[in-house]
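Taking it in order: structure first as structure tokens, then the write-up.
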Amino acid sequence: MLKKIIRTNEFVVFLILVGLSLVVGLINPAFFAISTLFDILRGSIVYFIMAFGLLPIIIAGGVDISFVAIAAFTSYATHMFLLSRGYQGGLFLYFLIAGGLGLLAGLLNAFLVTRFKLPVFDVSLATFTMWYGFTLFFVGATANFDLPKPTVGYYENFLMVAQDPVSGQTGLHVSILYVLVIGLVVWWFLKYTTIGRGVYAIGGNKDVAVRSGFNINRIMMIIFALMGILASVAGVTQAFLNRFFNPVVFIGNPLDVIAAVILGGAAITGGRGTVIGTAMGVVLIQLINRALIITGIPVEWQKLVVGIILVIFTSLPALRERRARRMGRTTELAQ
Amino acid sequence: MDKNPVPSTPQKTRFGWAKKIPLDSQTLLLLGVFIVLFIFFSVANDRFFTVRSVRSMSYQLPEIGVLSLAMMITILVGGINLSVNATSNMAAVIAGFFMVKLIPADASSQVVGLYMALAILVALLIGVLCGVLNGILVGYIGVPPILATLATFTLYTGISTGLTGGKTVTGFPDQFAKIGSTTVLGVPLPFIIFVLLALAISILIQRTTFGFKARMMGSNPVAATFSGIDNPSMIMKIFIISGVLSAVTGILTMSRTMSAAYEYGTTTFVLLTILISVLANILPGFGSVLNIFVAVLILQIISTGFNMLLTGVSGGTFFKDFSWGVLMILIFITNYFIRRRRQTES
């Protein structure tokens, strides 16, 4: 049992997380504070949600980048619509409308992929461009800071508060609860439902999955719908955490989220990936960012350090795998 | 990257007809789209088809065109290079520093010319080095290309950010602007460079043993290995070519804007080059440079055309993004029906 755990990719990610925390903590003991944890979690919230939505697609062997555009489009369009109606209520309606739009946007991707037998990546590239263009041209191109009154205090709606001598008061934001619920649902979906097992089957070998009787089209519809909904939840959450709606939010981030999922042990070729690993991948990226600030590396050189860390972290699993199958190895380029 | 996640039946037939026809149907489709768009914009706006606007398009298009070649050649071998834009920025930044820091203030124009030539060499060398690192990661260590180049994208951007401290490098000698502004028989030099590079890459892919090996490796890496092709060294060479092409883009951009910045075109350019490759139907093992060329033209006239039509409309510049996405989806769907008809015919 223990041996089995040690062999998993997730365990390696866990070790890296612990190792990195220790190193940073040794350089600057101020790192070991509950406020650091809260900060990292706050920074991770929207990435958790998006990564959980993306994970099933990656497990099924696809790479999608349109989820960021869906997040931006659904949240911004919902806000501008409600604003024009003079809406002064809570967040629920935001999640409902944005979630509905996200569902439709996700289904559009799934329809194009399944009906016209197109690669997920190609379709998502088209819809990525389309949704950002649509939002900026038809909905609006400027950030909006005009939030409904009942939602204004939401950004500091904390479950727990920690005092920190340096950064002042930080707290554990309430939206971490949605992350937990979403994580549990996706975990249950992937592990205990027939459709969830089908996702792994498609990623492992599509032909075999078809012959085993999995309805590929239906599975694709479901995982894309899930991705669309979670993207819009992430978009709305992001806006209320930062107290403004931005039509180009996340436009530069799709690769960050993909990197988090892959660092968390999912295979970009499909067939492998877990919720817990993905969560650790997200935290790892946030931890690296936080570590750079706390260890006092000058701002302009931080990106270089992130780059070096990424080069090392992406090489390690490949080197491990390479050693594992020295014999008859072929370059796995056809990803 | 995820061009062909699982070998499914329609994909195979797609390869099938691509092999048979020298001028593939994608070229005809793209040319058709190009002509329709061209007529549409010429009718809709009388300023569209003028010497001035065509000239201005031919100044803008080479940069993204050469960068698309850099992207395309890696997709052809079954990879992807997300670091193309980061490479071109890094090459520009370092070559820029080379000129700004090293050229003596009292140098004669010949000496300045010599330094400029050296700066261009430096930029190309950076391109080679960036390609080598990508090649090591993808070819020799075996990191999936999308991950390896995502990491180097961050790394190269990080180097440029660190060196410039986040500022734009300016103050190049005036002569440097000539690369971007010289015309030969009325045709801008950057456009000629783009056409020549496109021709060179086309010949390399279609007419040389190297190109044949590369295409073979793209369509089936396992079969290629067993046929005695040294995949890692092929991958290395492909990434070096990709890096050099990226560096050329860096030089062109630098000369046109007379500046070099770490953040020039970040992410949007990378996605744009992938978009062009997808539009041109570049697949691992199959692809034509001519399609890339037409795809670049299409994207450019959509951008210029809608910008002209929608001047003064708020957010008007963003309509092109929307129409790029819609156009891609339409082309995908058309391709699907063409593919299906061929299937039923055969």
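The values are calculated or read from the model by the stated rules, or taken from the named source; none is laboratory data. The structure presented is a predicted model; accordingly, all values stated were derived computationally and were not measured. Here the Cβ is made from the backbone with ideal geometry for all residues, glycine too, and neighbour counts use every protein chain on show.
Only one of (1) more than 12 Å from chain B (Cβ to nearest Cβ); (2) buried (at least 19 other Cβ atoms within 10 Å of the Cβ); (3) under 28 Å from B:N281 (Cα atoms) is not met by A:L107, so which one is it? Only one criterion is unmet by A:L107, namely (2).
A:V210 fulfils the conditions (1) under 21 Å from A:V113 (Cα atoms); (2) aliphatic (A, V, I, L, M); (3) at pLDDT 95 or above except for a single criterion, (3).
Quick grid of which residues meet (1) more than 23 Å from the chain's Cα centre (by Cα); (2) modelled with pLDDT of 90 or more; (3) over 30 Å from A:G61 (Cα atoms):
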position: A:F111; (1), (2), (3): no, yes, no
position: A:S124; (1), (2), (3): no, yes, no
position: A:F138; (1), (2), (3): yes, yes, yes
position: A:A162; (1), (2), (3): yes, no, yes
position: A:S167; (1), (2), (3): yes, no, yes
position: A:L180; (1), (2), (3): no, yes, no
position: A:R197; (1), (2), (3): no, yes, no
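When region B:206-228 is limited to residues that are touching a residue at least 12 places away in the same chain (Cβ under 8 Å) and of a type in the set (A, V, I, L, M), the one that is nearest to the other protein chains (Cβ to nearest Cβ) turns out to be B:M217.
Could you tell me whether B:I292 is farther than 30 Å from B:F49 by Cβ, under 14 Å from the mean Cα position of the chain (by Cα) and of a type outside the set (G, A, S)? No.
Screening A:F250 on (1) within 12 Å of chain B (Cβ to nearest Cβ); (2) closer than 29 Å to B:I141 by Cβ; (3) surrounded by 24 or more Cβ atoms within 10 Å (Cβ to Cβ); (4) of a type outside the set (D, E) shows it passes everything except condition (2). Of the residues A:L136, A:L118, the single one that is within 14 Å of chain B (Cβ to nearest Cβ) and under 19 Å from B:S323 (Cα atoms) is A:L136. Taken as a whole, the condition of being buried (at least 20 other Cβ atoms within 10 Å of the Cβ) and farther than 20 Å from A:V120 by Cα applies to B:L252. Just one of the listed residues (A:V152, A:V139, A:V113) is more than 26 Å from A:G89 (Cβ to Cβ) and of a type in the set (A, V, I, L, M), and it is A:V113.
State all residues of region B:148-165 that are of a type in the set (S, T, N, Q) and either facing another protein chain (nearest Cβ under 8 Å) or in contact with a Lys or Arg (Cβ under 6 Å, 6 or more places away or on another chain) (or both); if no residue qualifies, say none. B:T152, B:T154, B:T157, B:T161, B:T164, listed by residue number.
Of all the numbered requirements in (1) away from every other protein chain (no Cβ under 11 Å); (2) without any contact (Cβ under 8 Å) to a residue 24 or more places away in the chain, A:R272 misses one, and that requirement is (2). From the list B:I302, B:I251, the one residue that fits, being at pLDDT 85 or above and farther than 30 Å from B:L137 by Cα, is B:I302. Only one of the numbered conditions (1) touching a residue at least 60 places away in the same chain (Cβ under 8 Å); (2) within 14 Å of chain A (Cβ to nearest Cβ); (3) among the small types (G, A, S) is not met by B:S323, and that is (1). Across region A:169-200, the number of residues qualifying as touching a residue at least 24 places away in the same chain (Cβ under 8 Å) and within 14 Å of another protein chain (Cβ to nearest Cβ) comes to 2.
Checked against (1) within 30 Å of the chain's Cα centre (by Cα); (2) of a type in the set (G, A, S); (3) farther than 21 Å from B:G166 by Cα, B:A123 passes all but condition (3). Among the criteria (1) away from chain B (no Cβ under 12 Å); (2) touching a Gly at 6+ places or on another chain (Cβ under 8 Å); (3) over 28 Å from A:S315 (Cα atoms), the one A:R243 does not fulfil is (2). The criterion of at least 1 residues that are among the charged types (D, E, K, R) is met by the following helices (runs of 4 or more DSSP H) wholly inside region A:1-114: A:2-7, A:9-27, A:34-59. All but one of (1) touching a Gly at 6+ places or on another chain (Cβ under 9 Å); (2) hydrophobic (A, V, I, L, M, F, W, C); (3) assigned to a helix (DSSP H, G or I) hold for A:A162; which doesn't? Exception for A:A162: condition (3).
Taking region B:291-345 as the range and being closer than 19 Å to A:T129 by Cα, of a type outside the set (S, T, N, Q) and assigned to a loop (DSSP other than H, G, I, E, B) as the test, the residues that pass are B:L310, B:G315. Residues that are at the interface with chain B (Cβ under 10 Å from one of its Cβ atoms), over 21 Å from the mean Cα position of the chain (by Cα) and not in a loop (DSSP other than H, G, I, E, B) within region A:275-307 comprise A:V299, A:E300, A:W301, A:Q302, A:L304, A:V305, listed in sequence order. State yes or no: is B:V128 touching a strand residue (DSSP E or B) at 6+ places or on another chain (Cβ under 7 Å) and closer than 21 Å to B:F269 by Cα? In short, no.
Taken as a whole, the condition of being at pLDDT 90 or above, within 14 Å of chain B (Cβ to nearest Cβ) and either buried (at least 19 other Cβ atoms within 10 Å of the Cβ) or touching a helix residue (DSSP H, G or I) at 6+ places or on another chain (Cβ under 8 Å) (or both) does not apply to A:A234.
In the set (1) touching a helix residue (DSSP H, G or I) at 6+ places or on another chain (Cβ under 6 Å); (2) farther than 30 Å from B:P221 by Cα, B:E263 fails one condition alone, (1).
Scanning region B:165-173 for residues that are surrounded by fewer than 18 Cβ atoms within 10 Å (Cβ to Cβ) and over 30 Å from A:W301 (Cα atoms) turns up nothing.
Quick grid of which residues meet (1) surrounded by 23 or more Cβ atoms within 10 Å (Cβ to Cβ); (2) among the hydrophobic types (A, V, I, L, M, F, W, C); (3) touching a residue at least 40 places away in the same chain (Cβ under 8 Å):
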position: A:R85; (1), (2), (3): no, no, no
position: A:L91; (1), (2), (3): no, yes, yes
position: A:T114; (1), (2), (3): no, no, yes
position: A:L125; (1), (2), (3): yes, yes, yes
position: A:M130; (1), (2), (3): yes, yes, yes
